[in-house]
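The values are calculated or read from the model by the stated rules, or taken from the named source; none is laboratory data. Everything quoted here is computed from the prediction, not taken from an experiment. Neighbour counts are summed over all protein chains in view; Cβ atoms, including those assigned to glycine, are modelled from backbone coordinates with ideal geometry. All accessible areas refer to the heavy atoms of the entire protein, side chains included, with ligands and DNA or RNA removed. Shrake-Rupley method; radii C 1.70, N 1.55, O 1.52, S 1.80 Å.
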Amino acid sequence: LAPFTQPWRSPGEPQAPFSLPAPRWPVECEVIQETIEHIEWVPPKPEPFCPPMGPEQALYTLGEEQGTVVYHSSPVLQGSCFTCARVGGAPGPLSSPAAPLEGPQDTTLLFESRFESGNLQKAVKVGPYEYVLMLRPDLYTAKHTQWFYFRVQNTRQEPLYRFTIANMAKPKSLYGQGLQPLLYSQRDAQSRGIGWRRVGTDVRYSRSAGEPPMFRLSWTVRFPHDADTCFFASCYPYTYSDLQRYLRALAADPARSRYCTVRALCRSLAGNTVYLLTITSPGGAAGKRAVVVSARVHPGESGGSWAMRGFLDFLLSTHEDAQLLRRLFVFKVVPMLNPDGVVVGNSRCSLAGRDPNRAYGKTLPGSFPGVWHLRAMVQRVLAEREVVLYCDFHGHSRKNNVFMYGCDAGGNGTGTRLRQRVFPLMLSKNAPDKFSFSSCKYQVQKSKEGTGRVSMWRLGVSHSYTLEVAFSGSTLGGRSSHFSVEDLESLGRLLCDTLLDFCDPAPAKLQQCLVEADALLRRQMGREPGSGGSWSDVSPSELES
């Protein structure tokens, strides 16, 4: 698990072949041989939220015991913990989890999820065009059912289908506020150039009967074609192989690879590489401050990867602001902290069966190699230079818009505590139709001590944030619509813009935002702006209540 120190290519060296091994899977996981890839597409206009519906009606409470199991794929785990992995997953011939069709008139859908990032455990046909679905819990756990991504074949264009995922884990979800699932049609992609799009009418999210409590996501949909191959997903998929293709293109680009080196930070439990990118202008790093950015510690939060790609695209571009950023800073970027979880289609955990974003304080490199080596790397950087910002990209399933969590433990002076709020406030000004400053929180709760945000702050990174990107979209600036891939990628560029504003040597922007943050907090506390008084006696929980 020791980090590699030799980059595949350093500035000035001849271009070396960029070898990217295939993803490694736990040996219990069956993996189909087909390569699953999707075209990228941005809808011509924003996709509005669907009207929120009430709880499911009794008509749609059919259980699996009243239907026929037509798909069942569940890894036979050899124990309660991960043991070993190999390329391609389980050796030997694949099983057949889908029920065979009885003839050309059989309208049963054919389900499949045994591909990279896929998640669907069971499908039960409870009506001619109605299916109850069960998601697979994160491997080596019995919980964290949220991310879904699966394929259906043998579609019919005319009928209205209903799908109900019966074991969603969270009591509250944006599906109850207008969020729709994503659909991808291979025929539309091939013939019309259309990619992922929001679909679903009568979208409902409600509690199931029984204990332990589970929650049901239900929607109706018409497929665009007969005999099509379609996919459903909870958010735009971004797989480990997608990242590897991006890095291969980066390494092959002589311009961008001049100021970007790719190393292995470490290997994951399964032996997948956790990549570390170092980005700065050629000519040395002396006198430069550092910025550390990471994403996908939670594998089901794929929007973080699209924001990360937008960040890298801009930072590695020829734009004059990107050139300035590379002259000013050394960027350390870990675009996928939990590749194993991404590969197997987990929602939250790594193959340790635990949430790695609660493990930063643990001295367990063998169990949580990605976060352990990230923290160790930041410690080494701090010994050489100031780290002006740490930002960890996440997704959020219960709140709309984009917002940040920062660190304010109380006890510091008013200026220090207000300054924690400046970067989010600046970002809200640069992204007024996406970023909600009022949704940001800064309280350091005991339960969050093991997170990347709090851990980096404890190490001495004074501005350490989690960037939360809603699974849904924005309600700001006159919008009430889903985020597109283009929206998500723009967040990376806007973060770069905000970094330049935040570090502007002219103090005007910083001073303006300090005054504005102070006025907002006073208004919250019922004090008059300009009335004086220190904030050091007001606890973070009071400020946020």
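Which aspartates and glutamates, on any chain, are close to Lys122 with Cα under 12 Å apart, when same-chain ones fewer than 8 places away are left out? Those aspartates and glutamates meeting the cut-off are Glu64, Glu112. Distance between the 7 Å Cα→Cβ label points at His319 and Thr35: 3.1 nm.
Using DSSP, restrict attention to beta bridges with both residues in the chain and report what percent are antiparallel, rounded to the nearest 5.
Within the chain, antiparallel bridges account for around 70 percent of the total.
The percentage of C-alpha pairs in region 197-288 whose separation is greater than 21 Å is 63%.
Calculated FRET efficiency, Ser541 and Arg248, Cβ-Cβ r, R0 56 Å, to nearest 0.05?
Values: r = 47 Å, r/R0 = 0.84.
Result of the calculation: an efficiency of 0.75.
Rounded to whole Å, the principal axis extents of the Cα atoms in region 395-545 read 44, 35, 32, largest first.
Restricting to bridges with both residues inside region 401-545, how much of the DSSP beta-bridge set is antiparallel, in percent to the nearest 5? Intermediate results must be reported in sequence, preceding the final value.
Values: 6 of 9 bridges.
Looking only at bridges with both residues in region 401-545, the antiparallel portion is about 65 percent.
Which percentage, to the nearest 5, of the DSSP beta bridges contained in region 240-525 is antiparallel? Show your work: numbers first, answer last.
Numbers: 16 of 38 bridges.
Beta bridges within region 240-525, antiparallel portion: roughly 40 percent.
Given R₀ = 35 Å, what would the calculated FRET efficiency be for Lys446 paired with Arg289, taking r from the Cβ atoms and rounding to 0.05? Intermediate values should be presented prior to the final figure.
Details: r = 31 Å, r/R0 = 0.88.
The calculated FRET efficiency here is 0.70.
Relative to the present Cα-Cα distance, how much length would full extension add between Ser80 and Asp504 at 0.36 nm per residue of separation?
147.5 nm
Computed from the Cβ-Cβ distance with R0 of 25 Å, the FRET efficiency linking Asp433 to Gln524 stands at 0.60.
For the cross-link pairs Lys399/Lys441; Lys362/Lys399; Lys45/Lys434; Lys45/Lys441; Lys288/Lys448, the ones whose C-alpha atoms lie over 22 Å apart are Lys362/Lys399; Lys45/Lys441; Lys288/Lys448. With a simple spin-label model that places each label point 7 Å from the Cα along the Cα-to-Cβ direction, the separation between Glu102 and Leu160 comes to 2.6 nm. Listed peptides 35-47, 244-256 appear in the order 244-256, 35-47 once ranked by packing, highest mean of other Cβ atoms within 10 Å at the front. Distance distribution P(r), region 240-525, all Cα-Cα pairs, bin width 5 angstrom from 0: 1, 6, 12, 17, 20, 18, 14, 8, 3, 1, 0 percent.
Here the scattering of region 148-239 is modelled by Debye summation over its C-alpha atoms, one equal scatterer each and no solvent; at q = 0.11, 0.14, 0.22, 0.23 Å⁻¹ the log10 of I(q)/I(0) is -0.34, -0.54, -1.12, -1.19.
Averaging over all projection directions, the Cα-based convex hull of the chain occupies 26.7 nm² in the image plane. Surface calculation, 1.4 Å probe, protein heavy atoms: Glu449 sits at approximately 70 Å² accessible.
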